[in-house]
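Novice: Input: one structure, supplied below.
The values are calculated or read from the model by the stated rules, or taken from the named source; none is laboratory data. Quick caveat, the model's predicted, so the values are computed rather than measured. Quick reminder, even Gly has a Cβ in these numbers, built from the backbone with ideal geometry, and neighbours come from all protein chains shown. For accessibility, only protein heavy atoms count, side chains too; no ligands or nucleic acids. Shrake-Rupley method; radii C 1.70, N 1.55, O 1.52, S 1.80 Å.
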Amino acid sequence: MTHRHPLARTRSRAVALPAAALLLATAGCASDPATGPGSDAAGSGRGGTLVIGATGKLPNPDTVIGGAGFEGKRLVSFQIYEGLTRYDLSVTDKPPAVTGALAESWQVGPDAKTWTFTLRKGVTFQDGTPFDADAVVFNLDRYLKKDSENWTDALGAAAKEYAGDITAYRKVDADHVELVTKDPNGHFPEDLAHVLIASPTAVKKTGSAKFAEHPVGTGPFAFSSYTEGQQIELVANKSYWRGAPKLDKLVVKPIPDAAARTAALRSGGVNWIEYPNPDDLDSLKADGVQVLTNSYDHLWYWILDTTKAPWSDPRVRRAANFAINRQAIADKLLHGTADPAYQAAPRATAAYDKAGDAYSYDPAKAKQLLAEAGLSGGFASSVTVPTGGSGNLVPVPIAEAIQRDLAAVGIKVELRTTDWSTLIGAEAKGKVALDSDAIAQSTTLFQSEALLPLFVGSNSPFWTGHYSNPKVDALLTSAAASPDQSKRQGDYRQALQLVTEDAPWLFVVNDRNPRALSPKVQGLVQPQSWFLDLTTVSVRP
């Protein structure tokens with residue numbers, strides 16, 4: 001498919017988010033790196049039930065509300081719904097491009113703000129009703145129009161992340177819609193992959209308040225049942241416009257404890273687990289389990305309070321970064337399922353430049369910087385650490401390793417643990433759970449460019465450690481306005497180089513997105529992305 005606008009391809013996200021072309025690696029197996037041992041290149045596998053053990057809670061299945069991070073979007077929301085655009089998740093050696101979904105093509109006007117989308121014909125929702133321009137307007141009303149009977153506070157708040165830039169929208173005809181952004185927005189097609197479209201008929205039938213109980217979209221899997229806190233069950237959408245999925249059924253179970261996930265895989269309670277405990281990998285592979293990995297846009301890090309002494313001194317923040325033995329964390333603790341992060345930009349993004357790797361393991365340098373800051377005797381601090389959650393790897397053991405490294409140079413850190421929902425809930429309100437001086441967490445910077453200013457921009461509504469650099473703000477503004485992907489990538493690279501120099505974070509590791517699959521699971525293509533295309537997957541009897 002050829003799009004009429006150069007932004008038909010996404011860049012790797014600029015604020016949680018990035019692009020070294022690393023091939024798919026399958027731990028412990030010899031196989032084609034483009035497919036991995038779970039592939040079904042011959043297309044022989046059909047049907048079956050895929051049961052996934054997730055690391056976090058189940059999302060709210062009402063379109064954009066979610067609430068379970070990108071894992072919930074990956075396994076549930078993107079399976080039920082689609083936006084006007086989608087990520088092309090069929091390649092493994094580069095970050096995914098944005099391509100058409102419910103829109104076939106698009107173009108932007110001379111003002112760089114007025115976008116016209118040509119809609120895909122013949123698409124139906126899972127309830128059999130047609131998708132058209134009226135459906136797009138209905139959903140945008142639901143997200144953006146406070147006087148709409150279908151608008152709710154929760155929808156409005158969630159939609160701001162990706163649709164908040166839309167100031168006007170209208171139906172041109174049955175096959176075209178026009179959307180206008182407040183400012184020029186070069187990554188707008190990417191944003192719209194997250195603005196999910198629900199069946200107007202289904203919303204009207206249940207009302208917005210109860211739509212989550214019977215959600216209906218156009219995606220490859222249709223809602224079947226939901227058991228609070230236990231599982232969500234989806235079935236194949238046989239009328240899916242890209243072709244019916246191979247699976248008959250998809251079941252997602254929340255299993256936050258890594259040991260419990262491994263036990264569930266071994267017992268057959270699930271046949272796929274997200275983020276297996278690295279300590280279990282060798283024994284899992286010995287049992288014939290497939291372990292798939294690939295670099296993607298991910299950073300595990302600590303956000304430091306840059307307004308609170310002594311973290312307000314960049315020399316102290318740099319000292320802490322030099323104190324961390326990232327290679328040991330990646331090799332010994334995470335067993336090769338992550339790479340050391342020596343800078344702000346994740347390795348699998350276009351913003352990454354190996355020459356920008358600034359923070360080697362150098363305790364002597366750390367002590368020197370602390371002495372220059374008048375802290376040769378060290379100091380005490382605190383960090384709030386999640387016990388699990390989307391993309392957080394094994395957060396407490398990682399934090400404990402960092403705690404030991406920092407103590408070796410005189411920085412004594414108290415670890416305060418909480419659950420993932422509490423941590424991100426407080427962060428969204430501009431606060432730190434448990435009132436610590438820092439937060440440990442993971443994020444993407446470029447999987448969605450719209451979010452980058454929320455992580456490194458000044459005056460973010462989220463808690464960012466109060467980091468602010470006008471030069472970074474200017475580069476983000478310049479990047480966002482440009483329809484030229486290479487121009488945006490260059491601006492983002494410069495911005496992240498400044499963030500690396502300022503060191504408002506402790507840069508720790510870039511995850512390689514490991515997941516463990518039963519030998520019966522076939523056909524998974526593991527992209528350089530948080531997200532997955534599950535239409536190619538099947539499960540042998």
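Novice: With the requirement that a residue be assigned to a loop (DSSP other than H, G, I, E, B) and surrounded by 22 or more Cβ atoms within 10 Å (Cβ to Cβ), what does the range 113-131 give you?
Specialist: Phe125, Gln126, Phe131
Novice: Could I ask something else about it? Is at least one residue of the range 228-235 farther than 30 Å from Asp484 by Cα and at pLDDT below 95?
Specialist: yes
Novice: So, one more: Are there any helices (runs of 4 or more DSSP H) wholly within the range 424-541 with 2 or more residues that are under 25 Å from Arg326 (Cβ atoms) and open to solvent by less than 30 Å² (accessible area, probe 1.4 Å), and if so which?
Specialist: In the range 424-541, 452-456, 485-502 are the helices (runs of 4 or more DSSP H) which contain 2 or more residues that are under 25 Å from Arg326 (Cβ atoms) and open to solvent by less than 30 Å² (accessible area, probe 1.4 Å).
Here is a yes/no grid of residues against (1) of a type outside the set (Phe, Trp, Tyr); (2) at pLDDT below 95; (3) surrounded by 24 or more Cβ atoms within 10 Å (Cβ to Cβ); (4) touching a Ser or Thr at 6+ places or on another chain (Cβ under 9 Å):
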residue: Ala244; (1), (2), (3), (4): yes, no, no, yes
residue: Val251; (1), (2), (3), (4): yes, no, no, yes
residue: Pro256; (1), (2), (3), (4): yes, yes, no, yes
residue: Ser283; (1), (2), (3), (4): yes, no, no, yes
residue: Leu299; (1), (2), (3), (4): yes, no, yes, yes
residue: Trp302; (1), (2), (3), (4): no, no, yes, no
residue: Ala309; (1), (2), (3), (4): yes, no, no, no
residue: Arg315; (1), (2), (3), (4): yes, no, no, no
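Novice: If we scan the range 505-522, do we find a residue that is in contact with a strand residue (DSSP E or B) (Cβ under 6 Å, 6 or more places away or on another chain) and acidic (Asp, Glu)?
Specialist: yes
Novice: Is the range 435-446 home to any residue that is polar (S, T, N, Q) and farther than 25 Å from Val252 by Cβ?
Specialist: yes
Novice: For the range 339-365, which positions are in contact with a Leu (Cβ under 8 Å, 6 or more places away or on another chain) and among the hydrophobic types (A, V, I, L, M, F, W, C)?
Specialist: Passing the criteria: Ala341, Ala344, Ala345, Ala348, Ala351.
Novice: Pull up the range 148-169, narrow it to residues that are open to solvent by 20 Å² or more (accessible area, probe 1.4 Å) and part of a helix (DSSP H, G or I), then point me to the one that is nearest to Pro189 (Cα to Cα).
Specialist: Glu161
Novice: Being open to solvent by less than 40 Å² (accessible area, probe 1.4 Å) and under 23 Å from the mean Cα position of the chain (by Cα) is the requirement here; does Ala373 meet it?
Specialist: no
Novice: Return the residues of the range 47-73 that are open to solvent by less than 10 Å² (accessible area, probe 1.4 Å) and outside any loop (DSSP other than H, G, I, E, B); say none if nothing qualifies.
Specialist: Leu50, Ile52, Gly53, Ala54, Glu71, Gly72
Novice: Identify all residues within the range 391-423 that are in a loop (DSSP other than H, G, I, E, B), within 20 Å of the chain's Cα centre (by Cα) and closer than 20 Å to Ala330 by Cβ; write none if there are none.
Specialist: Within the range 391-423, Gly391, Asn392, Leu393, Val394 meet the criteria.
Novice: Moving to a separate point now. Checking the structure you have, find out if any residue of the range 338-353 is closer than 21 Å to Pro397 by Cα, β-branched (Val, Ile, Thr) and either buried (at least 21 other Cβ atoms within 10 Å of the Cβ) or at pLDDT 95 or above (or both).
Specialist: No, that holds for no residue.
Novice: Follow-up. Could you pull out every one of the helices (runs of 4 or more DSSP H) wholly within the range 182-278 that has 1 or more residues that are under 30 Å from Ile166 (Cβ atoms) and either among the β-branched types (Val, Ile, Thr) or over 22 Å from the mean Cα position of the chain (by Cα) (or both)?
Specialist: 200-206
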